[in-house]
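The values are calculated or read from the model by the stated rules, or taken from the named source; none is laboratory data. Please read all numbers here as calculations on a predicted model, not as lab measurements. Cβ atoms come from the backbone with ideal geometry, glycine included; neighbour counts cover every protein chain shown. Protein only, heavy atoms only, side chains kept; ligands, DNA and RNA dropped before computing areas. Shrake-Rupley method; radii C 1.70, N 1.55, O 1.52, S 1.80 Å.
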Amino acid sequence: MKKGYDVIIIGGGIVGCATAFELAKRGITDVLLVEKGYLTSGATGRCGAGIRQQWGSELNARIAMESTHLFENLEEYTGYNHSCGLHQGGYLLVAYTEKEWAQFQENLEVQHRLGIDSRAVDLKEAREIVPCLNTEGMFGATFCAKDGHADPFHCTQAYAQGARRMGVEFLTYTEVTGLQVKSGHIAAVETTNGTFEAKTVINCANVRAPELAKMVGEDIPVTSERHQALVTEPVAPLMDCMVMSFHRSYYVQQTPHGSFVMGIGPKEEPSFNFHSSWQFLEKNCAVICEALPVLRKLNVVRQWAGQYDLSPDRNPIIDEAKEAAGFYSVCGFSGHGFMVAPRIAILMANHLAGQDDTMDIRMFSKERYQTGKLLLEPAVV
Amino acid sequence: MDDKNTILCRCEDLTRETILACIESGCHTIDEIKRMTRAGMGPCQGRTCRMLIAQELASYYHVPLEDVLMPTFRPPTKPVPMGILADAFSEEEGGDSE
Ligand SMILES: Cc1cc2nc3c(=O)[nH]c(=O)nc-3n(C[C@H](O)[C@H](O)[C@H](O)COP(=O)(O)OP(=O)(O)OC[C@H]3O[C@@H](n4cnc5c(N)ncnc54)[C@H](O)[C@@H]3O)c2cc1C
């Protein structure tokens, strides 16, 4: 291994791997990615991997739409010889209150301005899209056929292998334990497998990003919240799209493999708790079986837990440390980092490569929590 | 075991060849193989294939079997219908301790 690199990326989730790939594509190939476990061992390997463009803020809708376009050709884009599992069966967002239904109309306007092909559907049409849906208590729904989900393991591998081919090095089962700063600039990264000099460091450690930033004197207002999910045995196709509710806080989809993946979003105290709970198992089944009664017969085969890296306005933070120039944190994805990672990685790589981007990276700075220019989003679980 | 076509994971129908290809491409643990291939994600949740894959890893990396990292054992230990779980929740009448 070499003594030093132009860029060291901390974290081998989709954000770190996509960033490595985009940097290499721009000719920045003297890059090392350090991951404490294996690639996708963090939130990326635990997520629902849902991809939706039906957002309420123009910014999120745009990032998600541009990311979706990248997911649509990810194999070719990265030169990956396995499918990344993208399935565009759509997202059916259901409204359970009048207020939510009114908000959905506003969201649709935002989406339509960007050219996203979403529409309002009444309950009859909702049942045509998902025949087993119990629409009792619902006001209506919106549907976008180009939403869907992908395989988080293969998407991450696609980026990683593409980056590796262009010269990026990967060091797995290696934890970053310290950071060295010299004259106000990041200088080196200490790991369990030695110390490496670096001119630039990108902190993509998700819920662990704040503690790494702290090592260079930065406070990042991101907390870790446990979110659980479960999967059932595979069955014949029952529905093609994701069904999601903000009000009742659930999402459920059938994967191409036939199993159903689902979760609910309970409010929990911040923690790094990776344990599954029986409370989740029961409540999740109660909430989901009400919406989709046919699922009562399905066996749950596995449940797991992961973390959301929550920021105050539930949107990502991209920030350079004040006292350690060249140290960037990219975190705070608040439960939707998978679907935006392709576009965020481009934004970050353009910035480091000195290339223009149609998006202004500065609006993601954590300064917004002082200036009040928050990135507010009405459509978030 | 020599036969490349021997099935190691019966639930997901994965041959020894598929598993070996994963190991040769750099997988070090059962968890990584599981995520690449779905080995151990079927109804039996790895009860059969876990040890078989561990043996392949041990022999490829020349390490004792005990040193191969076991994946996390995830609940429920046995498949349970969603309806039974849902009813348990309603019976506890908002047993919402989360
Ligand atoms: C249950 C659940 C469901 C979700 N569903 C969706 C969804 O449907 N759609 C969506 O878009 N998003 C979803 N998300 C969110 C999504 O998973 C994350 O936003 C996204 O994966 C973040 O990617 P990442 O690369 O930033 O983080 P991670 O994948 O967590 O990667 C960070 C990596 O950093 C490593 N690391 C940490 N500290 C160190 C250190 N000191 N040294 C070295 N390495 C370190 C970790 O091991 C980890 O692998 C969900 C999340 C959960 C938990």
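Which whole-angstrom value gives the distance between the alpha carbon centres of segment A:171-223 and segment B:36-86?
33 Å
Starting from the Cα gyration tensor of segment A:158-287, take the square roots of the eigenvalues, sort them a ≥ b ≥ c, and report rounded, prolate or oblate (rounded when a/c is under 1.5, otherwise prolate if a/b is larger than b/c, else oblate).
prolate
Mind checking which of A:Val94, A:Val294, A:Val15 has the largest fluctuation in a GNM of chain A, springs on alpha carbons under 10 Å?
Maximum among the listed residues: A:Val294.
Multiply the residue separation of B:Asp3 and B:Thr48 by 0.36 nm, subtract the distance between their alpha-carbon atoms, and state the gained length in nm to one decimal.
14.4 nm
Give, in nm to one decimal, the length gained when the segment between A:Lys297 and A:Thr135 is fully stretched (0.36 nm per residue of separation minus the Cα-Cα distance).
56.4 nm
Residues of chain A: accessible area per residue at 1.4 Å, in Å²?
38 Å²
Across segment A:116-124, in residue order, what do the Karplus-derived ³J(HN,Hα) couplings come to in whole Hz, using 6.51 cos²θ - 1.76 cosθ + 1.60 with θ = phi - 60° and x for Gly and Pro?
Values per residue, Gly and Pro as x: 7, 8, 10, 7, 7, 10, 7, 5, 5 Hz.
To the nearest 0.05, how large is the calculated FRET efficiency for A:Lys267 and A:Arg113 if R₀ is 25 Å and r is the Cβ-Cβ distance?
Given R0 = 25 Å and the Cβ-Cβ separation, E is 0.15.
What part of the accessible area of segment B:7-92, given as a whole %, is carbon or sulfur when the probe is 1.4 angstrom?
The value for segment B:7-92 is 57 percent carbon and sulfur by accessible area.
Could you state how much accessible area B:Cys11 has, in square angstrom rounded to the nearest 10, with a 1.4 Å probe and all protein chains kept in place?
Accessible surface of B:Cys11 is approximately 60 Å².
Hey, what's the per residue convex hull volume over the C-alpha atoms of the protein assembly as shown, in cubic angstrom?
145 Å³
Of A:Trp55, A:Trp278, A:Trp304, which has the most accessible area with a 1.4 Å probe, and how do the rest follow in descending order?
Largest accessible area first, the list is A:Trp278, A:Trp304, A:Trp55.
Can you give the accessible area of A:Arg165, probe radius 1.4 Å, in Å² rounded to 10?
The accessible area comes out at roughly 150 Å².
Name the residues whose placed amide hydrogens come within less than 5 Å of the amide hydrogen of A:Ser365, ignoring near sequence neighbours (fewer than 5 apart) on the same chain.
A:Ile318
Check A:Val201: other-chain or 5+ apart residues with amide H under 5 Å from its amide H, H built from backbone geometry?
Close amide H contacts, sequence-distant or interchain: A:Ile8, A:Phe327, A:Tyr328.
Give the residue list of GluC sites (Glu not before Pro) in segment A:249-332 that are DSSP loop and have at most 13 other beta-carbon atoms within 10 angstrom.
Those satisfying the criteria are A:Glu323.
Quick one: with all protein chains in place, what share of the accessible area of segment A:1-143 is carbon or sulfur, to the nearest percent (1.4 Å probe)?
Answer for segment A:1-143 is 47 percent, counting heavy atoms of protein chains only.
Using a 1.4 Å probe on the protein heavy atoms only, what accessible surface does A:Thr371 show? Give it in Å² to the nearest 10.
90 Å²
Per residue of segment A:329-337, what does 6.51 cos²θ - 1.76 cosθ + 1.60 with θ = phi - 60° give for ³J(HN,Hα)? Whole Hz please, x for Gly and Pro, Karplus curve as stated.
Values, residue by residue: 10, 10, 7, x, 6, 6, x, 9, x Hz.
Residue by residue through segment B:65-74, what is 3J(HN,Hα) from phi via Karplus (6.51 cos²θ - 1.76 cosθ + 1.60, θ = phi - 60°)? Round to whole Hz and write x for glycine and proline.
For segment B:65-74, the Karplus curve yields 3, 5, 7, 7, 5, 7, x, 5, 7, 9 Hz.
By how many degrees, 0 to 90 and rounded to 10, does the Cα axis of helix A:278-291 deviate from the longest principal axis of chain A?
50 degrees
When we measure straight from the Cα of A:Lys267, which lysines land under 17 angstrom away, once same-chain ones fewer than 8 places off are left out?
A:Lys283
Would you mind estimating how fast segment B:7-92 diffuses translationally, via Stokes-Einstein at 37 °C and 0.692 mPa s with the Kirkwood radius over Cα pairs, in µm²/s?
Using the Kirkwood radius from Cα pairs, D works out to 234 µm²/s.
Tell me the GluC sites (Glu not before Pro) within segment A:119-171 that lie in a loop according to DSSP and have at most 12 other beta-carbon atoms within 10 Å.
A:Glu136
What number comes out for accessible area per residue over segment B:7-92 if the probe is 1.4 Å? Units Å², please.
Per-residue value: 50 Å².
Once you've got the Cα coordinates, tell me which of A:Lys2/A:Lys366; A:Lys25/A:Lys366; A:Lys3/A:Lys214; A:Lys146/B:Lys34; A:Lys297/B:Lys78 are over 22 Å apart.
A:Lys2/A:Lys366; A:Lys25/A:Lys366; A:Lys3/A:Lys214; A:Lys146/B:Lys34
With a 1.4 Å probe, how much accessible area is buried between chains B and A, both sides summed, in Å² to the nearest hundred?
The summed interface area works out to 3000 Å².
Would you please give the FRET efficiency between A:Asp6 and B:Ser25, computed as 1/(1 + (r/R0)^6) with r the Cβ-Cβ distance and R0 = 25 Å, to the nearest 0.05?
After rounding, the FRET efficiency stands at 0.40.
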